[in-house]
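Just below is one structure, and these are the notes that go with it.
None of the figures in this text is laboratory data; all of them are computed from the coordinates on show. This is a predicted model, so every value here is computed, not measured. Methodologically, a virtual Cβ is constructed for each residue, glycine included, from the backbone with ideal geometry; neighbour enumeration extends over all protein chains shown.
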Amino acid sequence: MTHCKICGGPAALRCEVPADRHPGVAEPQGPLVPYYACARCGFLASSHLDDGGDSPYDAAYFTAVDPGGETRDGLPTALVGQAERWLGRRAVDVLDFGSGTGRAVAKLRDAGYAACGVDIIAPEVAAEHILVGPLTAEGCYDVVTAVEVFEHLPDPIAATRAVAASLRPGGLLAMTTALHDPATLDPGWWYLAPGAGHISLFTAPALHALARAAGFVPLMTTPTNHLWVKGPLPPGGAAWLRARVLLGRLADKLRRGGRARTPGGPGAG
């Protein structure tokens, strides 16, 4: 790999880690897998799964490779709730991209959303609402969630463009993936796990470049959580959305403060 998959910048070998490294292996001993870092945006990637070989995604993935996934089952519902602040209304149609076991889709539906999922692994539950295969929907969703998915993508631009196509104009992508700092990257970082399929690791500049390449506008970036809106937006549109959310949060605080000062309430003297 000599060029970055995201921005096309020059990429050079950054580190090598055992091919079988994942949370379920205490002492990985497999052959070394190279990761290449982009000198321009910092994107760190391996071509380990580019041809589909040595894929870890089988029926045992969620028990042997990625145990404890149930702790993330409620995250898509929480992400949709956050996204609704930016939408300014309740989301109706929701897609969980990389829906895994299907339990998160079931929770979304229990919360009242018309939710479905897509993944390359057959689900354990909610199978009637989950497509096993590539994402091909167009203009169907208000919000797409993706919890710990983007680090698995061998072709991030193609996958992200498919997500953008599935959203309605102004729709939101709410996702989680951990960011790294190239200056302090530790080759022992647990997220560097080719055995779990972690072959695309982002910096904030790389993630923003990916958003732009797929027609998104980044609204929020944290070390783990990210929110994008499907563009294009009118001039000042992103700033207006951020201001609306900040004003909404301020209004919530004022309402809570008013209740606290109600005679006989929690704030009464």
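Quick check: from the Cα gyration tensor, does the stretch 79-215 come out rounded (a/c under 1.5), prolate or oblate?
Prolate shape, in that a/c is at least 1.5 and a/b is the bigger ratio.
Set Lys and Arg Cβ to +1 and Asp and Glu Cβ to -1, take the dipole of the stretch 11-255 about its Cα centre, and tell me which of Ala238, Ser55, Cys41 lies farthest positive.
Ala238
Can you compute the helix-only [θ] at 222 nm over the chain? Use -39500 (n - 2.57) per DSSP H run of at least 4 residues, normalise by all residues, nearest 500 deg cm²/dmol.
Using -39500 (n - 2.57) per qualifying helix, the result is -8000 deg cm²/dmol.
Testing the spin-label approximation: label points 7 Å from Cα along Cα→Cβ at Ile157 and Tyr191. State their distance in nm.
According to this spin-label approximation, the distance is 2.2 nm.
Quick one: of the DSSP bridges fully inside the chain, what percent are antiparallel, nearest 5? Kindly include the intermediate steps, with their values, before the conclusion.
Numbers: 22 of 40 bridges.
In the chain, DSSP labels about 55 percent of beta bridges as antiparallel.
Could you please rank Phe202, Phe62, placing first whichever residue has the fewest other Cβ atoms within 10 Å of its Cβ? Show your work: numbers first, answer last.
Working: Phe202 25, Phe62 19.
With the fewest neighbours first, Phe202, Phe62 line up as Phe62, Phe202.
Using the alpha-carbon atoms, what tilt in degrees (0 to 90, nearest 10) does helix 75-87 show relative to the longest principal axis of the chain?
Helix 75-87 sits roughly 50 degrees off the main axis of the chain.
Residues with amide H under 5 Å of Met220's amide H, sequence separation 5 or more or different chain, H placed in the peptide plane at 1.01 Å from N; which?
Here Leu227 satisfy the definition.
In nm, give the distance between the simple-model label positions of Ala59 and Arg72, each being 7 Å from the Cα along the Cα-to-Cβ direction.
According to this spin-label approximation, the distance is 2.3 nm.
Could you sort the peptides 43-56, 96-109, 143-156 by per-residue average Cβ neighbour count (10 Å cutoff), highest mean leading?
Top of the packing list down: 96-109, 143-156, 43-56.
Quick one: net charge around Trp189, please, counting Lys, Arg +1 and Asp, Glu -1 for every other residue with C-beta under 11 Å from its C-beta.
Once all neighbours under 11 Å are counted, the net charge is -1.
From the phi angles alone, apply the Karplus equation (6.51, -1.76, 1.60; θ = phi - 60°) to the stretch 60-70 and give each ³J(HN,Hα) in whole Hz, x where the residue is Gly or Pro.
Taking θ as phi minus 60°, the curve returns 8, 4, 7, 10, 8, 9, 10, x, x, x, 4 Hz for the stretch 60-70.
Under 5 Å between amide hydrogens, which residues at least 5 positions from Thr203 or on another chain qualify, with H placed 1.01 Å from N in the peptide plane?
Amide H neighbours of Thr203: Phe43, Leu44, His180.
Tally Lys/Arg at +1 and Asp/Glu at -1 over every other residue whose Cβ is under 12 Å from the Cβ of Leu32; what's the total?
-1
Expressed as a fraction of 2.2 N^0.38 Å, the rule-of-thumb size for a compact globular protein of N residues, what is the C-alpha radius of gyration of the chain?
Numbers: Rg = 20.1 Å, N = 269, 2.2 N^0.38 = 18.4 Å.
Normalised Rg, Cα atoms only: 1.09.
What spacing in nm lies between the two simple spin-label points modelled at Thr222 and Leu131, each 7 Å away from Cα in the Cβ direction?
Here the modelled spin labels are 3.0 nm apart.
Please give me the summed charge of the neighbours of His129: other residues whose Cβ is under 14 Å from its Cβ, Lys and Arg +1, Asp and Glu -1.
With Lys, Arg at +1 and Asp, Glu at -1, the neighbours total -3.
Taking 8 Å as the Cα distance limit and 6 or more residues as the minimum spacing, I'd like the relative contact order of the chain as a percentage.
Taking the mean separation of contacting Cα pairs over the length of the chain, I get 19 percent.
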